[in-house]
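The values are calculated or read from the model by the stated rules, or taken from the named source; none is laboratory data. All figures in this text were calculated on a predicted structure; none of them were measured in a lab. All Cβ positions, glycine included, derive from the backbone under ideal geometry; neighbour counts span all protein chains shown.
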């Protein structure tokens, strides 16, 4: 995976620049592995209650389904935020230690925000999926399949001019490191799309879960 990414961005980014190196090498793992983590976290947060039969005990208490969903959503949000804060501190420290010249802190923050938005997007999608999937193995398979599928769609859009339209399908292209570094911004249309995906996924989770029949 890294080889393909390097072939695409090698003419754009400069490996002697630590920010460019971060965008070309480290950012890939942050976005890809972080998205897998976020997707698994989001898709398992509700489904595991049914899979482990603990939802019956939870619903027997004077707690509404809306409150259950809200608490689950806040838990996922807390984990994702903490995960990205730790990454930001670790990455910034590493770059300060190994830099040979000053780097653009604004671009570094944009890259970090891009990764956060990407993780939240996949977490929200997983959150919606968790309403319909209750088996742990299925959750893992769907999460990995969707994240890797989206990643390779984004990769395909960069390799072939005929497939450039796929960039709108893959959230990974919304926060492409080369684009952010070169343009020093995240295209607003991509931000809008991710916010809409997050919003519709969370709202959809509430709607479907409130109508769902809980399995015994």
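Per-structure values
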item	result
Residues within segment 175-197 that are over 16 Å from the mean Cα position of the chain (by Cα), outside any loop (DSSP other than H, G, I, E, B) and surrounded by 13 or more Cβ atoms within 10 Å (Cβ to Cβ), tallied	5
Qualifying position, being within 30 Å of residue 71 (Cβ to Cβ) and either assigned to a helix (DSSP H, G or I) or touching a helix residue (DSSP H, G or I) at 6+ places or on another chain (Cβ under 6 Å) (or both), among 165, 145	145
Set 33, 41: member being surrounded by fewer than 19 Cβ atoms within 10 Å (Cβ to Cβ), within 18 Å of residue 81 (Cβ to Cβ), within 12 Å of the chain's Cα centre (by Cα) and at pLDDT 85 or above	33
From 200, 132, 172, 127, residue being in a helix (DSSP H, G or I) and surrounded by fewer than 17 Cβ atoms within 10 Å (Cβ to Cβ)	200
Of the criteria (1) without any contact (Cβ under 8 Å) to a residue 60 or more places away in the chain; (2) buried (at least 17 other Cβ atoms within 10 Å of the Cβ); (3) part of a loop (DSSP other than H, G, I, E, B), which one residue 88 fails	(3)
Every residue from segment 203-216 that is part of a helix (DSSP H, G or I) and over 20 Å from residue 120 (Cβ atoms)	210, 211
Verdict on residue 151 being closer than 20 Å to residue 25 by Cβ and either more than 14 Å from the chain's Cα centre (by Cα) or touching a residue at least 40 places away in the same chain (Cβ under 8 Å) (or both)	yes
